[in-house]
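Please read the structure below before turning to the comments.
Please treat every number below as a calculation from the coordinates, not as lab data. Note that the structure is predicted; figures quoted are calculated from it, not measured. When we count neighbours, we look across all protein chains shown, and the Cβ atoms used for this are built from the backbone with ideal geometry, even at glycine.
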2 protein chains.
Amino acid sequence: MSIQPAVRAAVDDDWPRIWPIFDAVVREGQTYAYPLDLTMESAKPWWMSEPPAETVVLEEGGVLLGTAKMGPNRPGRGAHIGTASFMVSPTARGRGVGRRLGEHMVAWHREHDFTGIQFNAVVETNTAAVRLWQDLGFEIIGTVPGAFDSPTHGRVGLHVMFLPLPG
Amino acid sequence: MSIQPAVRAAVDDDWPRIWPIFDAVVREGQTYAYPLDLTMESAKPWWMSEPPAETVVLEEGGVLLGTAKMGPNRPGRGAHIGTASFMVSPTARGRGVGRRLGEHMVAWHREHDFTGIQFNAVVETNTAAVRLWQDLGFEIIGTVPGAFDSPTHGRVGLHVMFLPLPG
């Protein structure tokens, strides 16, 4: 039985190793509506979070397998609902990295007394992600038609997904 | 027949007169999940937009009746869908100010070749707004349950609403 590496909070020094994953995922263009002209410097505030939000990494033998960020979806009167984003290294797909990060993310929200988790924009053609979130209990609240410009599928829908976290 | 004042782009000097409306609406707490500790200075970037987004005002006889901001809902692969927010002065309600701003906002998105307009968080108990947007053709895509903490209604849902703009 192998000892599984733990998901841990990202520190500032992790960013140079997170950036290649971020860059590869955004360039691939299948999953995120981030600005398309980000550099290692300008991308940092899009991913590295300040409290009460948190960015985490999953690392194995010195290699970064994936990263996630999580925190309140809105300030003020919406701050009791969380949200999160995930990126798995293209070289580490199919190994359950997304699920490990997802399970950590749900536990994080429970620990911090959020009453639910909302994903604002899950690309409908990213079926592996949609199935994973459904496996974790998320439901599709609705789909905004044609809201994502996929390089391979054209204009596709963005799901709003939600997981209630009863207190 | 009275000459109706036009909706116009807000300039920097408008902010000191927009701020009291922003402050009153946020304090009332029925419609927006903005931070609850904003000042005139810190609130400004939450409302005064930079291109390609735009903030507008509706003014009559030197009195600001309402304001709206509009622009891309997401960057990059989501930038073809717009979004907008609206605030009507508490002293100018029931006079069609929201509708005037809303009609301007739809025309603005058409002019700028957006293919749809998404509202991310319409408070379900704000029935006047929900009906107005439905009147303008918006549909409720889905409702995130309990996502808004209303001071009078408790935890209520946030509608995601959408208006397609066929080219």
Legend entry - For q = 0.18, 0.19, 0.20, 0.23 Å⁻¹, Debye-computed log10 I/I(0) when each Cα of segment B:86-167 counts as one equal scatterer: -0.81, -0.89, -0.96, -1.14
Legend entry - Nm distances between copies for A:Thr125, ranked from closest, using label points 7 Å along Cα→Cβ: 4.2
Legend entry - Residue of chain B nearest the B-to-A rotation axis [by Cβ], rounded angstrom distance: B:Gly142, 1
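What value does the protein assembly as shown have for Rg/Rh, both radii from Cα atoms and Rh as Kirkwood defines it? Walk me through the numbers before you get to the answer.
On the way: Rg = 20.9 Å, Rh = 21.2 Å.
Rg/Rh: 0.99.
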Inset, instruction - Name the lysines eligible as straight-distance cross-link partners of B:Lys44: C-alpha to C-alpha under 18 Å, and not fewer than 8 places from it in the same chain. - result: B:Lys69
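For the residues A:Glu41, B:Glu60, what sequence is obtained by ranking on other C-beta atoms within 10 Å, fewest first? Before the final figure, lay out each step's value.
Working: A:Glu41 9, B:Glu60 14.
Lowest to highest Cβ neighbour count: A:Glu41, B:Glu60.
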Legend entry - Listed residue (B:Leu132, B:Pro35, B:Pro75) projecting farthest to the positive dipole end of segment B:7-164, Cβ model: B:Leu132
Legend entry - Cα→Cβ-extended label distance, 7 Å offset, between A:Arg93 and A:Gln134, nm: 1.9 nm
Legend entry - Debye, to nearest 20: dipole size of the protein assembly as shown, +1 on Lys, Arg Cβ, -1 on Asp, Glu Cβ: 680 debye
Legend entry - Segment B:Glu50-B:Thr125, extension gain: residue separation times 0.36 nm, minus the distance between their alpha carbons: 23.9 nm
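What does the charge dipole of chain B about its Cα centre add up to, to the nearest 20 debye, if the Cβ of each Lys and Arg holds +1 and the Cβ of each Asp and Glu holds -1? Intermediate results must be reported in sequence, preceding the final value.
Working: 14 positive and 18 negative charges, 72 e Å.
Charge dipole, chain B, about its Cα centre: 340 debye, nearest 20.
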Legend entry - Whole-Å semi-axes of the ellipsoid equivalent to segment A:7-164 (Cα gyration tensor, √5λ, descending): 21, 20, 16
Inset, instruction - Choose one answer from B:Ala121, B:Ala24, B:Ala68: the residue with the largest mean-square fluctuation in a GNM of chain B with alpha-carbon springs under 10 Å. - result: B:Ala24
